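These notes concern the structure reproduced below.
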Amino acid sequence: MTTPNTGATPNTEAPMRTEKSTDPVDDKSTTEMTVATTSQGRKRPRRKVSGVIAPLVVLAVVIGLWYLVSYAFLDPGRRFLMPPPHKVVTEGLFGPAAQAMWEALSRTATVALTGLAIAAVIGIVWAVIMSQSRLMENALFPYAVILQCIPILALVPLVGFWFGFGFSARVFVCVLISLFPIVSNTLFGFRSVDRQMRDLFALRHPSRLTVLRKLEFPAAMPAIFAGLRISAGLSVVGAIVGDFFFKQGSPGIGILIDNYRSRLQAEELFASIVLASLLGVVVFWLFGWLGNRVVGRWYQP
């Protein structure tokens, strides 16, 4: 005889329930990430504002000191030694000699940029050759140092004898002055490639050209642009130095500076110096901007 089973069959399958995690560690990490993201977003506008306000404050202080020296420490008869800023602007930058200044500035900019372009090509090729062999580095790098140590003012007369006293001589001076920073920074960039990345490339047995094109050049780009920014200012200095010595042909800003100095035209002299300085700043900023466009998306200093 079969005994009926009157007991209730237990339900072994529990209903599935989805619950929100209440782990305090996860909540804390999420909160910290949110706070960090928010704080970074707030800091960016502050940095931009401080990057604009801080130079303006320093400029205001410099102009105030300039006025103080002009009116408090100099007699009216000696005020030509440092004319006040408003006279430099009205009688210099926007005076009768303004057009001649801007034309001379454009000639100096052409000389400086041409010399910088030639120095960039020579310097990068020079650094590439040295980066491929320690023997070539030991053989060539001392001559780059010698070029940097040569007193350019003593060499300028020889440059005039070799290349004349026109455009070519000025460009050659710019190349000599601006070459070394490009060579040294580019070589530093090639030598600073991560060893692990080199080992990773070596697994595929690439050619030297492939390593140079796909690994070393991208890794060296920040250093290359740093060298270009340094050489940009030096190239402007070289163009002005060339103008001081090579006074033939169309005048550059350096020739005008020398003329205004000899004639005691203080307002024009200060205005031409300001324009020459602004040219160096603009060229420096240009290569900084190009560097940010080329490597700013992936490079973190």
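Summary of values
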{"quantity": "Answer residue from segment 240-256, given it is assigned to a helix (DSSP H, G or I) and over 18 Å from Leu269 (Cβ atoms) and is most open to solvent (accessible area, probe 1.4 Å) among those", "calculated": "Phe245"}
{"quantity": "Which listed residue is out of contact with any Ser or Thr (no Cβ under 6 Å at 6 or more places or on another chain), in a helix (DSSP H, G or I), among the basic types (Lys, Arg) and under 16 Å from Ala112 (Cα atoms), from Arg170, Arg261, Arg198, Arg213", "calculated": "Arg170"}
{"quantity": "Cβ-Cβ under 9 Å pairs, at least 6 apart or on other chains, segment 183-210 side without any contact (Cβ under 8 Å) to a residue 12 or more places away in the chain, far side open to solvent by 90 Å² or more (accessible area, probe 1.4 Å) and in a helix (DSSP H, G or I)", "calculated": "Pro206/Lys214"}
{"quantity": "Conditions (1) closer than 30 Å to Trp162 by Cα; (2) out of contact with any Pro (no Cβ under 9 Å at 6 or more places or on another chain); (3) free of Cβ contacts under 8 Å to residues at least 12 places away in the same chain; number of the one not met by Leu278", "calculated": "(1)"}
{"quantity": "Which listed residue is assigned to a helix (DSSP H, G or I), open to solvent by 70 Å² or more (accessible area, probe 1.4 Å), farther than 30 Å from Phe246 by Cα and at pLDDT 85 or above, from Ile122, Ile129", "calculated": "Ile129"}
{"quantity": "Considering residues of segment 149-163 that are in contact (Cβ under 8 Å) with a residue 12 or more places away in the chain and not β-branched (Val, Ile, Thr) only, the residue surrounded by the most Cβ atoms within 10 Å (Cβ to Cβ)", "calculated": "Gly160"}
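Every residue, every condition in (1) part of a loop (DSSP other than H, G, I, E, B); (2) at pLDDT 85 or above; (3) crowded, with 18+ Cβ neighbours inside 10 Å, yes or no:
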{"site": "Glu267", "(1), (2), (3)": "no, yes, yes"}
{"site": "Val282", "(1), (2), (3)": "no, yes, no"}
{"site": "Val294", "(1), (2), (3)": "no, no, no"}
{"site": "Pro301", "(1), (2), (3)": "yes, no, no"}
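The values are calculated or read from the model by the stated rules, or taken from the named source; none is laboratory data. Keep in mind that what you see is a predicted model, and the values were worked out from it rather than measured. Counting neighbours? That spans all protein chains shown, and the Cβs are built from the backbone with ideal geometry, glycine included. All accessible areas refer to the heavy atoms of the entire protein, side chains included, with ligands and DNA or RNA removed. Shrake-Rupley method; radii C 1.70, N 1.55, O 1.52, S 1.80 Å.
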